[in-house]
Structures are given as structure tokens and as C-alpha cells.
Amino acid sequence: MKKIGVGLLGLGTVGMGTYQVLKSQQPEMLQKLGVELEIRKIAVKDPEEVASQVDDPRLLTADWREVVQDDSVEIVIELMGGMEPAKTSILAALNAGKHVVTANKDLVAVSGRELLDAAAENHCDFLFEAAVAGGIPIIRPMKQCLLGNQITEMMGIVNGTTNFILTKMEQDGMEFQEALALATELGYAEADPTADIEGLDAGRKVAIMASIAFHSRVVFDDVYIEGITKITAKDIQYAREMGCTIKLLGVTRYDEEGIEAYVCPMLISGEHPLASVNDSYNAVFLHGDAVENVMFYGRGAGSLPTASAVVGDVFDIARNIRHNCCGRISCSCYKELPIKAMENTQNSFFVRMLVEDKCGVFTAAAGAFADNQVSLAQIIQRPAGKGFAELVVITDAVKEGDLKKAIETLKAQATTREISTVLRVYQKKGETE
Ligand code: HSE
């Protein structure tokens, strides 16, 4: 029986996990796939450093070209991450007729079309299940099991680091910096946490999810992004009083005006299943016209969970090779839909502000909302010491442009000391119109 040769680019956290999962699967591979896989080459920055961690150090090389040019390698697994040399190596592998699996969300969110086109031209598979929500199957279910649906909305918690931080802020009353320090200490946050806490990592996943959900290419730059760095323990306390929790949500929706794609901290009802997705877990919700609601939940990051998705893709390709049917699931973007400007999206809003505690100030603030067609759903007013009051409201669903006008009106009022926080409030599609 012919064995299928595999080449690995990168042996970091996910690369090593993939190496281990492939190894642990070896005894049953033949039964599962009808064919065996064999790792033939591994490219790493420093072969000496990892030599003791692999069974056969002779497979190691410092040059990715040796992997993609190796005639005995049929499947290349790119786990170096980042834009370069990942992109060049993937294109070289595809152009050499090799199938490629990657977990590289940065690259797919920006250059997905180019890479999928190269795969199609070369009759190869290019799979990236691990790029969205790590170990949780999202891409394949959407491209296969749920293909008989018109998807109208996909949203969820797709970043574990920020979910861990927000959970600590919610459950232990920590402020952002303290929770971030804990996330760093426990290894959830990277040394440079920017991509996670500023929402960039989640934004890349939303671009990929939106492209697949609506069959129209959405790239990273199309996604509106806000991070969680300005959220305070006080915001979370007020949100709780108003029956909500705060989560960093990635949301993508489609209607006749176009595709909405954004990542931002949002209030979400405590009754919504996503409100109880805590710690570093991820979860994704989608609505399809036939299936109704579906929720996926699990580990969105980590060595073995992400490796689980990578190896699933590799196995799928092995089956395809065996049955001589590669390229079955290729680029699924056959439409060109417009991206909706944030100004035109509809959401409820949470607004926390500090105002002078004088007769008529509440009426003036309420007037600023009403004059801009913003209706209020919930209101809390609290003394804030020394002649000030804190005013916290949740609005009804409103066009974002109108909410911005209301905020400008509020800012212009002499009695407004500060607009402390403005956050969107998640409402199910259909409840926002
Ligand atoms: N850093 C990401 C997270 C995992 O915290 O979820 C990789 O996308």
C-alpha cells in the first residue's frame, strides 16, 4: 500500500501538537483512511533546538523550500503563521501540485482568494479549518452539512484570550489590566497581546466566516474592529444590573443592503447561551433558513485542539487522494455582495455618562436621544459624588448613525461631564429592525 508523504512547515505550539496527533493516530490510520500518512520533512527555524522532540531529527531542515520541493511530500502543512514566508511557501507548494493545510488566519483573511485560486488552478486542496475557532469544526460544517441553507447571521466568541479576560472581570471584579496580567501569567495571552485584545485576531476569523457564510469574499479590511481595552469593571457591573454580560463578539449578517461584519465588545442578554461561554472557550452561533439556529462550542485555541482541526483536514485530503477526487471543496465565493457601512447597521446601545446632578439634566439628556430618533429601553441613574450623577441607558434598536448624532448632542450639552462608555448590545437579527 502506497503511503502519503506529509511535510510540516513550523513546529511551534500548533506544529508540535500536529506532530503529536499524527503520531498518536498512526496505529489506526489505515483503518480510518485506507491509507497511511508519513511525515517526510519538517522545516523549523532552528533544527538543533527541536531535535530532541522528534523521533527522527534527520527529517528536520531550516529551509521551507526543502519541504515544498520534496517529491515524496504530497501534503504540506503550513503552521509557521504570519504573512511571510507563509504565503510564498503555500503558493510554491500549490504550484508544485501539493495539497496544503494551514491554520493561518492572518493570511487566509487577506489573501484567501489568491490561495484558493492557486489551489483550483493546480487541482489541489487548500484547507484551513483550524483558522477559525481552533478545534471547533466551523468551516467544513458550513461548506458541507449546512450548504443547503441561506445563512442570515453568524456570530460568536472567537477569541479565547479576551473571553478569559472578560470572564475574570465579570466573575472576580478585576479591572482589564489585572485580568490581562493574569491571562499572560497563565499563558493565555501572548507576550504581545495586541492582536487579541484589540480584536484583530477575531476580525480575521470574522472575515473568513463571512466569506463562507454569504458566498462573497470579505477580507480583513472590510471588518469593523474594536477591542476590549476600554472596558471597565464598572461597565460590567451595570451590564449585569441590566440583565446582560459583556463579551467580545464577532458578528456577520446579511440583508438586501449588504454584509455586516464587525468585532466589538457587546452586551448580550444573560439568557443567551453565549453569555455562559466563559474562560478561554469559544462558541459560534449561526442561523440558516432551513436549519434555524446552530451553536458550536469548544476550544478555539491551544496546541492539541488546533492540531485536531489541522489533522482533520490532512485526513480529508488523504481520503481525496485515495479516491482521486481532490478540489471537491474549493472557493465558495460566487457572489459579489456589498459591505454595509457601520453607520447603517442597527443595534441597541449601552451608554454610560457622567452628568451634573441638577434639576432638568435628566430631561435634557433624554431629549438628546429623542431628538435623534433614539428610543430608550432601560435607564439607571446613580449619585456619583460632588454634584454629579452617573446616567446609564440601554437604547432600543437604532441606526448607528442616529446614535452617533445623539452622542454628539449629549457632548454639546454643558451639563455633560463625560461620555464614559458606548457599547453595542447584541440582539438577534429580526429583533433589531
Ligand atoms: N490567540 C487566539 C485566542 C488563538 O486567544 O483565541 C489563535 O487565534
Residue in region 193-212 that is assigned to a strand (DSSP E or B) and free of Cβ contacts under 8 Å to residues at least 60 places away in the same chain present: no
Matching residues in region 398-408 - criterion: being touching a residue at least 40 places away in the same chain (Cβ under 8 Å) and open to solvent by less than 40 Å² (accessible area, probe 1.4 Å): 398, 400, 401, 403, 407
Filter result for the condition that a residue is surrounded by fewer than 23 Cβ atoms within 10 Å (Cβ to Cβ) and touching a residue at least 24 places away in the same chain (Cβ under 8 Å), over 246, 259: 259
Matching entry among 37, 22 (being assigned by TED's automatic domain parsing to the domain that holds residue 314, under 28 Å from residue 188 (Cα atoms) and of a type in the set (A, V, I, L, M)): 22
Residue within region 195-214 that is within 19 Å of the chain's Cα centre (by Cα), small (Gly, Ala, Ser), open to solvent by 20 Å² or more (accessible area, probe 1.4 Å) and within 12 Å of the ligand (Cβ to nearest atom) present: yes
Some residue of region 183-192 being surrounded by 24 or more Cβ atoms within 10 Å (Cβ to Cβ), at pLDDT 95 or above, outside any helix (DSSP H, G or I) and more than 13 Å from the chain's Cα centre (by Cα): no
Residue match in region 149-161 (condition: open to solvent by less than 30 Å² (accessible area, probe 1.4 Å), more than 9 Å from the ligand (Cβ to nearest atom), of a type in the set (Val, Ile, Thr) and under 14 Å from residue 294 (Cβ atoms)): yes
The lone exception for residue 125 - which of (1) under 19 Å from the mean Cα position of the chain (by Cα); (2) closer than 29 Å to residue 322 by Cβ; (3) of a type in the set (D, E, K, R) it fails: (1)
Residue within region 296-312 that is over 23 Å from residue 224 (Cβ atoms), of a type in the set (D, E, K, R) and within 16 Å of the ligand (Cβ to nearest atom) present: yes
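Here is a yes/no grid of residues against (1) over 20 Å from the mean Cα position of the chain (by Cα); (2) open to solvent by less than 10 Å² (accessible area, probe 1.4 Å); (3) more than 16 Å from the ligand (Cβ to nearest atom):
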| residue | (1), (2), (3) |
| --- | --- |
| 91 | yes, no, yes |
| 103 | no, no, no |
| 114 | yes, no, yes |
| 130 | no, yes, no |
Region 136-146: number of residues that are surrounded by fewer than 22 Cβ atoms within 10 Å (Cβ to Cβ) and either among the hydroxyl-bearing types (Ser, Thr, Tyr) or in contact (Cβ under 8 Å) with a residue 12 or more places away in the chain (or both): 6
Strands (runs of 3 or more DSSP E) completely within region 56-174 that count 1 or more residues being touching a Leu at 6+ places or on another chain (Cβ under 6 Å) and of a type in the set (Gly, Ala, Ser): none
Count of region 351-387 residues which are surrounded by 13 or more Cβ atoms within 10 Å (Cβ to Cβ), farther than 18 Å from residue 405 by Cβ and polar (S, T, N, Q): 2
Filter result (away from the ligand (no atom under 15 Å from the Cβ) and under 25 Å from residue 419 (Cβ atoms)) within region 215-228: 224, 226
Total residues in region 263-287, condition open to solvent by 10 Å² or more (accessible area, probe 1.4 Å), within 16 Å of the ligand (Cβ to nearest atom) and under 19 Å from residue 348 (Cβ atoms): 0
Condition met for residue 317 (more than 18 Å from the chain's Cα centre (by Cα), closer than 28 Å to residue 12 by Cβ and either surrounded by fewer than 15 Cβ atoms within 10 Å (Cβ to Cβ) or at pLDDT 95 or above (or both)): yes
Residue match in region 290-310 (condition: surrounded by fewer than 16 Cβ atoms within 10 Å (Cβ to Cβ), among the β-branched types (Val, Ile, Thr) and touching a residue at least 60 places away in the same chain (Cβ under 8 Å)): yes
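The values are calculated or read from the model by the stated rules, or taken from the named source; none is laboratory data. Bear in mind that the values here come from a model prediction, so they are computed numbers and not experimental data. Note: ideal-geometry Cβ built from the backbone for every residue, glycine included; neighbour counts use all protein chains shown. Side chains included, ligands, DNA and RNA excluded: accessible areas come from the protein's heavy atoms. Shrake-Rupley method; radii C 1.70, N 1.55, O 1.52, S 1.80 Å.
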